[in-house]
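**Student:** The structure that follows is given in the form of structure tokens.
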Amino acid sequence: MTDNIDTVVTGITNAKVLAVAERVVCEFQLAAEKVAAHHSESAKYPMPSGSTATEHLMASRFKALPEGTRKKAADRIVADLKNQPGRAKKLDDLAKVDLHSTTSVEAQVRKLPFPAKLKFPADELRKTPVTKDAVGTVEQTAAAAGTPLRKLELRLHQVKCVEETNEAFKDEISLGGTAVDESGDADKISSFRVKSFHTGGVQTYAPPRRLVWFNLAEGPVKFPKSYFVTLVLAEVDQGGFSSFVDGLINKVRVAISKALGDAIGSQLPGGPGGPIAELISKAIDYVVGKIFSFLKVVWQDDIFQPFTVQATIPSLSSRWAGRSDSPERTVTYTGHGGKYQLVYDWRMFS
């Protein structure tokens, strides 16, 4: 019987999908640049109408920064916008996006022909390895060996403040996120207050706090099944940070799905779940991470970067070395001069 596997998502191993994801990163970076340039020269770089464009989402985060930080970011980006040769090399076909236009970056990108060099056969999306002896229906896997457990949960054990942030008072820490099931369906994990922290402070949950649970037996997707949870740690004073991340993940999900469809020249194949859903989840995590890195460098926005954790379950009877719960795992968040550690595990139950 194959063991369960859990890990922290760290990147995209498929080179063709990675190239597509990089283009999506550039699209979101352009929206962030537009927001900062608008802050400096609003008439020259007008915001799109309405309130749903990526620029509006980015603006909600930009407004939370101190005015001095915003001004420096705007000056930095306006100066870079003058380097047309350098930007053409960096952005490739997306250098055609006009930040002086009232049309949103997203709308302009959709009108551009998808680059031929990024296109590839649909079969490329199915190259994620599958454990053959673990593939089967719910009924087949339940009859394998041992007691079938039909539910999976992600549990929070502890949050520790290794070093508090540079805020003037105690850190008011909250935690939320997004969960994605085996079919690629996403649900928001509502933010909740963890506690107020000073350096060395610890919040322990005994018993562990359930963050989200999944029904392993639902849906048409065959085993092995993969589940993803993006964990968003935030300092409450960051001003709507959790909502910003939730909106960003949703927009990136749409952009990645559209870009991969353009790459193969059709709708994504294979129905829900499986290797394609896993690739999309990993691509989303990659793009969001790149956007955060960009904002940290260009906007000087030193925010906590979210982590995405993954569990792959080969069958209802599979375990972690014979146990229904995984070993406890730790992820470390850094930002605003602070450092926090979050301890979690996965558990199967009936």
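The values are calculated or read from the model by the stated rules, or taken from the named source; none is laboratory data. Because the structure is predicted, anything quoted here is derived from the model rather than measured. When we count neighbours, we look across all protein chains shown, and the Cβ atoms used for this are built from the backbone with ideal geometry, even at glycine. Areas reflect the complete protein model, heavy atoms only, side chains present, ligands, DNA and RNA absent. Shrake-Rupley method; radii C 1.70, N 1.55, O 1.52, S 1.80 Å.
**Student:** Keeping all protein chains in place, calculate the accessible area per residue for the range 22-90 (probe 1.4 angstrom), answer in Å².
**Tutor:** Spelled out: the 1.4 Å probe surface of the range 22-90, per residue, equals 47 Å².
**Student:** Computed FRET efficiency, Cβ-Cβ of Lys195 and Arg329, R0 25 Å: what is it to the nearest 0.05?
**Tutor:** 0.75
**Student:** Hey, which of these cross-link pairs are over 32 Å Cα-Cα: Lys111/Lys290; Lys195/Lys296; Lys44/Lys282; Lys170/Lys290; Lys63/Lys89; Lys82/Lys339?
**Tutor:** Those over the limit are Lys44/Lys282; Lys82/Lys339.
**Student:** Using each residue's phi in the range 42-49, evaluate 6.51 cos²θ - 1.76 cosθ + 1.60 at θ = phi - 60° and report the 3J(HN,Hα) Karplus result to the nearest Hz, with x for Gly and Pro.
**Tutor:** So the J values, rounded to whole Hz, are 4, 6, 6, 10, x, 6, x, 6.
**Student:** Starting from the Cα-Cα distance between Ala88 and His100, subtract it from 0.36 nm times their residue separation and give me the gain in nm to one decimal.
**Tutor:** 2.7 nm
**Student:** What distance in nm separates the simple spin-label points at Leu112 and Asp187, each placed 7 Å from Cα in the Cβ direction?
**Tutor:** A separation of 3.7 nm, rounded to one decimal place.
**Student:** Another question, if that's okay. List the equivalent ellipsoid semi-axes of the range 1-112 in whole Å, largest first, each obtained as the square root of 5λ for an eigenvalue λ of the Cα gyration tensor.
**Tutor:** One finds semi-axes of 30, 18, 15 Å for the range 1-112.
**Student:** Leaving out ligands and nucleic acids, note down the accessible area per residue over the range 257-316 with a 1.4 angstrom probe, in whole Å².
**Tutor:** Using a 1.4 Å probe on heavy atoms only, each residue of the range 257-316 averages 32 Å².
**Student:** Here's a follow-up. Calculate I(q)/I(0) for the chain by the Debye formula, one identical point scatterer on each C-alpha and no solvent, and give its log10 at q = 0.12 Å⁻¹ to two decimals.
**Tutor:** -0.93
**Student:** For the chain, take the longest principal axis of its alpha carbons; what is the angle in degrees between that and the long axis of helix 15-40, to the nearest 10 within 0 to 90?
**Tutor:** The two axes meet at around 40 degrees.
**Student:** Arranged from highest to lowest average of other beta-carbon atoms within 10 Å per residue, in what order do the peptides 202-209, 92-99, 245-252 appear?
**Tutor:** Answer by packing, highest mean first, reads 245-252, 92-99, 202-209.
**Student:** Using only Cα atoms, find the angle between the long axis of helix 274-294 and the longest principal axis of the chain, and express it within 0 to 90 degrees, rounded to the nearest 10.
**Tutor:** With both axes taken from Cα atoms, the answer is about 40 degrees.
**Student:** Based on the alpha-carbon gyration tensor of the range 164-239, what equivalent-ellipsoid semi-axes (square roots of 5 times the eigenvalues) come out, in whole Å, largest first?
**Tutor:** 33, 13, 9
**Student:** Which whole-Hz couplings ³J(HN,Hα) result when phi for each residue of the range 210-220 is put into the Karplus expression 6.51 cos²θ - 1.76 cosθ + 1.60, θ = phi - 60°, listed in order with x for Gly and Pro?
**Tutor:** 6, 8, 6, 9, 10, 8, 5, 9, 8, x, x
**Student:** Now, a different point. How much accessible area per residue does the range 151-197 have, counting only protein heavy atoms and a probe of 1.4 Å, in square angstrom?
**Tutor:** With the other protein chains kept in place, the range 151-197 gives 42 Å² per residue.
**Student:** Something else about it: Give me the net charge of Pro207's neighbourhood, meaning all other residues with Cβ under 15 Å from the Cβ of Pro207; Lys, Arg count +1, Asp, Glu -1.
**Tutor:** 0
**Student:** Using modelled amide H (1.01 Å from N, peptide plane; none on Pro or chain starts), what sits under 5 Å from the amide H of Val162, excluding residues fewer than 5 places away?
**Tutor:** Gly200, Lys339, Tyr340, Gln341
**Student:** Using only Cα atoms and rounding to the nearest 10 degrees, what angle (0 to 90) does helix 241-264 make with the longest principal axis of the chain?
**Tutor:** 90 degrees
**Student:** Given a 1.4 Å probe and every protein chain left where it sits, what share in percent of the accessible area of the chain is carbon and sulfur?
**Tutor:** 51 percent
**Student:** Something else about it: Show the residues, 5+ positions off or on another chain, whose built amide H is closer than 5 Å to the amide H of Val221.
**Tutor:** Amide H to amide H, under 5 Å and 5 or more residues apart or across chains, Val221 pairs with nothing.
**Student:** Right, another one. Peptides 195-201, 313-319: what's the order by average Cβ count within 10 Å, highest mean first?
**Tutor:** Highest mean packing first, the order is 313-319, 195-201.
**Student:** Then there is this: Once every DSSP H run of n ≥ 4 in the chain is given -39500 (n - 2.57) and the sum is divided by its residues, what mean residue ellipticity at 222 nm do you get, rounded to the nearest 500 deg cm²/dmol?
**Tutor:** Helix contribution divided over all residues of the chain: -10500 deg cm²/dmol.
**Student:** For the range 266-350, rounded, prolate or oblate, judged on the Cα gyration tensor with a ≥ b ≥ c (square roots of eigenvalues), a/c < 1.5 rounded, else prolate if a/b > b/c?
**Tutor:** oblate
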